[in-house]
1. Taking the Cα centre of the range 2-151 as origin, work out the dipole magnitude from +1 charges on Lys and Arg Cβ and -1 charges on Asp and Glu Cβ, in debye rounded to 20.
2. Give, as a single signed number, the net charge of other residues whose beta carbon lies under 12 Å from the beta carbon of K19, with Lys and Arg counted +1 and Asp and Glu -1.
3. Mind giving me the FRET efficiency for A346 and L122? R0 is 25 Å, r the Cβ-Cβ distance, nearest 0.05 is fine.
4. Who wins for biggest fluctuation among I326, I138, I234 in a Gaussian network model of the chain, springs between alpha carbons below 10 Å?
5. How many Å² of accessible area per residue for the chain, probe 1.4 Å?
6. Calculate log10 I(q)/I(0) of the range 245-347 for q = 0.12 Å⁻¹, where I(q) comes from the Debye formula with a single equal point scatterer on each Cα and nothing for solvent.
7. Quick check: the distance between the Cα centres of the range 108-157 and the range 177-206, to the nearest angstrom?
8. Which of S84, S201, S277 ends up with the largest GNM mean-square fluctuation for the chain, with Cα atoms connected below 10 Å?
Amino acid sequence: MPPSNNLYKDGAMKLASLKSGRDGRLVVVSGDLTRMADAGAIAPTLQAALDGWDACAPRLQQLWQQLEGGDLAGAPFDEAACASPLPRAYQWADGSAYVNHVELVRRARGAEMPPEFWTDPLMYQGGSDSFLGPRDPIPLRDVAHGCDLEGEVAVITGDVPMGIDPEAALPTIRLVLLVNDVSLRGLIPAELAKGFGFFQSKPSSAFSPVAVTPAALGAAWEGGRLSGRLLSRINGTAFGQPDAGQEMTFHFGQLIAHAARTRPLGAGTIIGSGTVSNRDPDGSPGRPVAEGGQGYSCIAEVRTVETLRTGAPATPFLRPGDRVEIEMLDGDGQSIFGRIDQAVVAA
């Protein structure tokens, strides 16, 4: 197999965690996501690799080059055997960098959007002790909770000092991945009305099978933004295809700096972009994929658009038996991070 264009780019590699114990077993994964090599001799888990990144990363990349270049046969890679790259993390903080999404979901709640939302990012601290694997089911206790997908991009950082500026924060990014930030829309209004933020309305999130270093993303990664269409499907039907690099008001350096304004961030911190969202070229909120639009990365957005158009939402939230898929393809149609593929089940 010929090596990828990024094979010898400094730091380029793809990593995953196979299900094993609480924190998984670290493997390097070939660029086409077909083969893997055990990385346990370098670091038993991804968190261990992040804690010792300066020493571990060069050795991990060397192993990846051997696998990618054909010098190491490796073993077949099965996305279904993966936990999230970090099965649990010291910190998971989700921003809301796509202000079009913020405006739409606030409109659905009848809330005005303050002008400072264009200059100061929103961020909440989520639960990080029990992430779902990329093929694990989404447990739903009550259909009335309004289960929703939220397709996002996320980064995993190294150690970040308090008070870092946005440009200096960019080199602290170790890995890039995708996330389904599951939300329970029926619980959000009452929680936010208390003035203390999300908790019950944000259950366990799921991440893509594979995490990728920025160097391995090539030209798709620039200035702390990932360009590429974030594809989502519900029950096999195309639901969203917005470009993650467009209309991202705050890049990841800004989001990291926001999180680190008054505290340091430990290696293994995950920072999310918020729901990827694009307007239509004419400035309208966006059209469904079936109508030639870029669609949506969460159901709350399409329900808002339906309400604006007809006076009432028509698309239901997720129910047991529904299936959600999220992934991103490169220019050759190859999956970059693997596919999040989850069924909703009654808990």
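The values are calculated or read from the model by the stated rules, or taken from the named source; none is laboratory data. Given the structure is predicted, the values throughout are model-derived calculations rather than measurements. Neighbour counts run over all protein chains shown; Cβ positions are idealised from the backbone, glycine included. Please note that ligands, DNA and RNA were not included when accessible areas were found on the heavy atoms of the full protein model with its side chains. Shrake-Rupley method; radii C 1.70, N 1.55, O 1.52, S 1.80 Å.
1. Numbers: 13 positive and 20 negative charges, 61 e Å.
Here the size comes out at about 300 debye.
2. Numbers: positive: R22, R25, R135; negative: D23, D78, E79, D136.
Overall, the nearby charge balance is -1.
3. Details: r = 32 Å, r/R0 = 1.27.
Computed FRET efficiency for A346 and L122: 0.20.
4. Most flexible of the set in this elastic network: I234.
5. Numbers: 14480 Å² over 347 residues.
Heavy-atom accessible area per residue stands at 42 Å².
6. The Debye formula, applied to the Cα set alone, gives -0.62.
7. 6 Å
8. Among S84, S201, S277, the largest mean-square fluctuation in the Gaussian network model of the chain belongs to S201.
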